[in-house]
Every structure is written in structure tokens, then in C-alpha cells.
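What follows is calculated from the coordinates using simple rules that are stated; it is not laboratory data. The structure displayed is predicted, hence computed values, not measured ones. A quick note on method: Cβ atoms are made from the backbone with ideal geometry, for glycine too, and the neighbour counts reach across all protein chains shown.
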């Protein structure tokens, strides 16, 4: 004699598991794509937030750069107006100042050489002056200090110091004085500069 299983075990339990499996399949089929869409939407939102944050950082950097450019432009205008001045009003006084400084007591200047050239990419002209001097070490140092403290825009480009037979020293100073070009002068473009 075989034992018969109860009805609920024979029919109801397999039907219950079949329905349970079917419900799970429907649940996965229904919620799976939605959860994937939600996950994708969340990832897109996060990527958009990161892109927005990067764009804000770049905007802040560009704004800083724009402020620096505006400040540099204002400084450049002040430099052209108050430091170097136009050639017609600054050339002769600058040459007189260099001559006066090279004839300080005790210094013996030699023949000076001048060369004018326009500075690339600017409305500025450079006047290169070579000044040979002879004098004591202290007098030559005094000349260099006067050049450095001059109200004119002068730069010392080179110095050559040699001993002299008379116990002093000979100094050859290469100076540059800068002046603004007259309005309307075309700007000379430098070589190799990307435009």
C-alpha cells in the first residue's frame, strides 16, 4: 500500500510554487528595467553635477584671468603714460640725464654710442646707449647706483669692468632707455610669435 500524499501537497504546493515563481518573474520583469532606468538617471544626474562643477571652476578661472588681463591693461596704460612717456618729450631729457650721470665728479666718460630700435609687439622704442667710463671703483659704483635710482625708465643691459693703467678702473655700461612711439606708429610683430 502506498501512502497517498494529501491534496495540498500534491496539487496546491506545486501550484503555489509555480505562482510564486511566476510572480517573481513578473516582479523582476516589471521592476528590473525601472531600477536600471533609475540607476542610469542617477548616474546621468551625478555626471551632470560633476560637469556643472567643472564648468563653474573653469568659469571662476576664466573670470580670474579676465580680471588679471584688465589689471594688466590698466598697469600698461599707466606705464605708457607715466613711466616711459612719449619720445618727443622724454628723449632729450633722458640723454641729458645719462650725460650728467656719466660726468659726475671723478668720472671720465669716453665716446658714447647710440642705437634706436622698435620693441617687438609694443608701441615702444628702445634707445641702446653704450657708455665707456673711467674712474675709481667707488665712482663707478656711484654711477651705477644713480642709474638704478633714476626717475627715468633705464635698464642696465651689460657691464664690462677692466683695470686701467692709472690705478682706477674702466667700465663699459650698456644701457637701455625706453620711450613711447608717436600715436599711429605701426607695431612691429616679433618673429615666431603665434597669432
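In table form, for the structure just shown:
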quantity	calculated
Rg [Å, one decimal], Dmax [Å, integer] - the chain, C-alpha atoms	42.1, 143
Separation of alpha-carbon centers, region 113-141 and region 42-99, rounded to whole Å	29 Å
Percent RCO, i.e. relative contact order, over the chain, from Cα pairs under 8 Å lying at least 6 residues apart	19 percent
Candidates 140, 161, 19, ranked by Gaussian network fluctuation over the chain, Cα under 10 Å, top entry	19
Nearest 10 degrees, 0 to 90: helix 13-78 Cα axis against the chain principal axis	10 degrees
FRET E, pair residue 155, residue 61, Förster distance 25 Å, beta-carbon r, rounded to 0.05	0.15
Computed over region 85-180, the ratio Rg/Rh where both radii use C-alpha atoms and Rh is Kirkwood	1.00
Between 0 and 90°, nearest 10: helix 137-149 axis offset from the chain longest Cα axis	50 degrees
Added length on full extension, which subtracts the Cα-Cα distance from 0.36 nm per residue, residue 68 to residue 144	24.0 nm
Distance between modelled label sites at residue 22 and residue 42, nm, 7 Å Cα→Cβ extension	3.2 nm
Relative contact order (%) - region 85-180, alpha-carbon pairs under 8 angstrom, separation at least six	31 percent
For region 9-84, fraction of C-alpha pairs farther apart than 22 Å, in %	66 percent
Mean Cβ count within 10 Å, highest first, over the residues of peptides 32-40, 92-100, 124-132, 110-118	124-132, 92-100, 110-118, 32-40
